[in-house]
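Here the structure is laid out as structure tokens; the discussion comes afterwards.
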Amino acid sequence: MALTTNKYILDWVKEMAELTQPDNIVWIDGSEEQLEQLRREAVSTGELIKLNEEKLPGCYLHRSAINDVARVEDRTFICSRRKEDAGPTNNWMDPDEMLAKLRKLYNGAMRGRTMYVIPYSMSVVGSPFARYGIELTDSIYVVVSMAIMTRVGKNVYEALGERPDFVKGLHAQAELDAENRYIVHFPEENTIMSVNSGYGGNVLLGKKCFSLRIASYLGRKEGWLAEHMLILGIENPKGEVRYICAAFPSACGKTNLAMLIPPEIYRKKGYKAWCVGDDIAWLRIGEDGRLWAVNPENGFFGVAPGTSMKSNPNALETTRKNTIFTNVVQTAENTVWWEGMDKTPPRGAINWKGEPWDPDSGEKGAHPNSRFTAPAKNCPCISPEFENPKGVPISSIIFGGRRAKTAPLVYQSRNWQHGVFVGSVMASETTAAATGAVGVVRRDPMAMLPFCGYNMGDYWQHWLEMGKRIPNPPKIFNVNWFRTDDMGHYLWPGFGENMRVLEWILARCFNEIDAEETAIGYIPKLGDINLEDSGVSKETLAELLNVDKKLWLEEVKGIKEFYAKFGDKLPGELKEELATLENNLD
Ligand code: GTP
Ligand code: SPV
Ligand code: MN
């Protein structure tokens, strides 16, 4: 039975059901009873595997199809009416043409299956930040995952009333055919359509599709920002909490930084770290003239490999109950394992593909983009402000990526405009989070290349205009945890040790420390990064902070090529900043 009288929802569900022809329609109410019933059903069909209840209570394993393990950027479209509104970095097709193509793929796709109607909220229901969505799907995995990642429940219908302003999402698994897989956004219609996939990033439509691609479009219209950023609070010994946002591309360290545990020397002094979000931030200008951030999500869809008691104990702890694991190793005792969890791969286990796995074979047991879907409230360091509808005030915005060379450990921009330039020229090595080559350096402005729902040139302009409207803007920095020596070893220990860099960043934000000016911006004075007990020598720090002019002149060439794609849409301010950089390097 329908759980709403909202005519826009009822009409749309009816229309989509006529197209996809499911045998039944089930209205999701968000209750634990209904979710439990669905989990049982999914276990009975093999869609979910119940894990060891004693060791991992309430946890499940899911395996996606072997050809369906990551986001598909080449099959992701922004179908605005005008091509120029999607811009040179997005795939585009005329909306009518795309709809005709999609209708064929959806036609009868749910025959013999059930359509689930999921009402969900991004951020706390009823809060001024909250935005609502309805996702239609024929996958129980999607229903139970959305119930972790977002706020699913009947109260969404109450909050929405009879209004039409919800994001429509249609997902059908269809044949899981990679050749006909499409992740399509119609920003002007508030609509998302996903077909032929079952992988989280392509089908949990509240996440990248809504909270970044659609929300970035809304943010531009309404004067706010939707960003691919973690939100972290650092509490100092005086008990003051200062908040940062950080944008790193996929699989470049957001979840790890968001759940950071400060090194012992900091803990002893009374420093603490609080996680507000690990992937997405919605930012607005507060009445006090600062920028305020909320995390619209309710859970973490985190990278499993590399997560260990050493690298990220908080993430591991978060996944010990009520978690869905995707494409990891299933051990003989029905628990989970992945590369980098510990040094002893399990014997007699099953790999991510569901086959018996020999750790000596040289083949990986877990897929490099295997993930956990875990409730935010499980996280030991979840911030007391996590559900605060006002969000948290941001002192610093940090951009960063994976660069073996070129980018120093940290540098600060000279001002907001220069900071926008720094974000716009970010580059990073590609990872397994999207299909395609791994380890290739590409431009990924603000870590939003795959997630901006409109023309990236307009997006930069929007950033520049936001800066003019924020009386007390955050200071903008760039970090690189991934610089290597000539043997390819990381020079910086990373993870919890990144606290040492955050300390400098926050000191800069509150005008508590000097810096050294270079061609690219401000860098720390050698003595100003605390290296006590870090195992890092002053010489290594000097190498990490080195700005190699030759490499940066190469960089300028790359930036020019990239900027050229944007034609008239490239803001003049960014051209100016590029000229300044080139001058400074001479
Ligand atoms: P998405 O969920 O795809 O957006 O990724 P993310 O940005 O949250 O990345 P995550 O924190 O999951 O880290 C991805 C990979 O980078 C993991 O394998 C981590 O172990 C590794 N990593 C994270 N932080 C650091 C660091 O400071 N240094 C080094 N060397 N590796 C890191
Ligand atoms: C990312 O790729 O940045 C992720 C995972 O956070 S996904 O939901 O697949 O986008
Ligand atoms: Mn992400």
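The values are calculated or read from the model by the stated rules, or taken from the named source; none is laboratory data. Note that the structure is predicted; figures quoted are calculated from it, not measured. Note that each Cβ is placed from the backbone with ideal geometry, even for glycine, and that neighbours are counted across all protein chains shown. Only protein heavy atoms, including side chains, enter the accessible area calculation; ligands, DNA and RNA are left aside. Shrake-Rupley method; radii C 1.70, N 1.55, O 1.52, S 1.80 Å.
Note on Ala2 and Lys557: the extension gain reaches 194.0 nm, defined as 0.36 nm multiplied by sequence separation minus the Cα-Cα distance.
Measuring r between the beta carbons of Lys269 and Glu539 and using R0 = 35 Å, the FRET efficiency lands at 0.85. With R₀ fixed at 22 Å, the C-beta to C-beta distance from Asn584 to Val441 puts the FRET efficiency at about 0.50. For segment 425-577, the Cα gyration tensor yields ellipsoid semi-axes of 29, 22, 16 Å (square root of five times each eigenvalue, largest first, whole Å).
Compactness of segment 15-125, taken as the C-alpha radius of gyration over 2.2 N^0.38 Å, stands at 1.41. Gap in Å between the Cα centre of segment 1-73 and the Cα centre of segment 290-327? Cα centroid to Cα centroid, the span is 21 Å.
When the Debye formula is applied to the Cα atoms of segment 299-378, each taken as the same point scatterer, what base-10 log of I(q)/I(0) results at q = 0.19, 0.23, 0.24 Å⁻¹? Log-scaled intensity ratios, in q order: -0.75, -1.06, -1.14.
Taking every DSSP beta bridge that has both residues in the chain, what percent is antiparallel when rounded to the nearest 5?
65
Separation of segment 164-237 from segment 353-367 is 32 Å, based on Cα centroids. Rolling a 1.4 Å probe over the protein heavy atoms gives the chain an accessible area of 39 Å² per residue.
The chain gives an Rg/Rh value of 0.95, both radii derived from C-alpha positions and Rh following Kirkwood. Taking GluC sites (Glu not before Pro) across segment 195-256, the ones in a DSSP loop with at most 12 further Cβ atoms lying within 10 angstrom of their Cβ are Glu240.
Give the calculated FRET efficiency between Asn511 and Arg320 to the nearest 0.05, with a Förster radius of 45 Å applied to their Cβ-Cβ distance.
So the FRET efficiency works out to roughly 0.60.
The 3J(HN,Hα) values that the Karplus relation (6.51, -1.76, 1.60; θ = phi - 60°) gives for segment 145-150 are, in residue order, 6, 4, 5, 8, 7, 10 Hz. Gly and Pro appear as x.
Taking trypsin sites (Lys or Arg not before Pro) across segment 493-529, the ones in a DSSP loop with at most 13 further Cβ atoms lying within 10 angstrom of their Cβ are Lys525. Less than 5 angstrom separates the built amide H of Gly401 from those of Val479, Trp481, all sequence-distant by 5 or more or on a different chain.
Taking 0.36 nm per residue of separation and subtracting the current Cα-Cα distance, fully stretching the chain between Ala519 and Ala404 would add 39.4 nm. Amide H contacts for Ile25 (H built 1.01 Å from N in the peptide plane; partners 5 or more residues away or on another chain; cut-off under 5 Å): Met115. For the set Lys268/Lys310; Lys14/Lys168; Lys254/Lys565; Lys364/Lys405; Lys208/Lys377; Lys7/Lys154, the pairs lying more than 24 angstrom apart at their alpha carbons are Lys254/Lys565; Lys364/Lys405.
Residues whose amide H comes within less than 5 Å of that of Ser64, counting only those at least five positions distant or on another chain, are Asn327 (H built at 1.01 Å from N in the peptide plane).
In order along segment 405-414, the Karplus-derived 3J(HN,Hα) couplings, from 6.51 cos²θ - 1.76 cosθ + 1.60 at θ = phi - 60°, round to 10, 6, 6, x, 3, 7, 8, 10, 6, 6 Hz, and Gly and Pro are given as x. Converting phi to 3J(HN,Hα) with the Karplus coefficients 6.51, -1.76 and 1.60 and the offset θ = phi - 60°, segment 112-126 yields x, 10, 10, 9, 9, 10, 9, x, 9, 10, 9, 6, 4, 3, x Hz in sequence order, with x at every glycine or proline.
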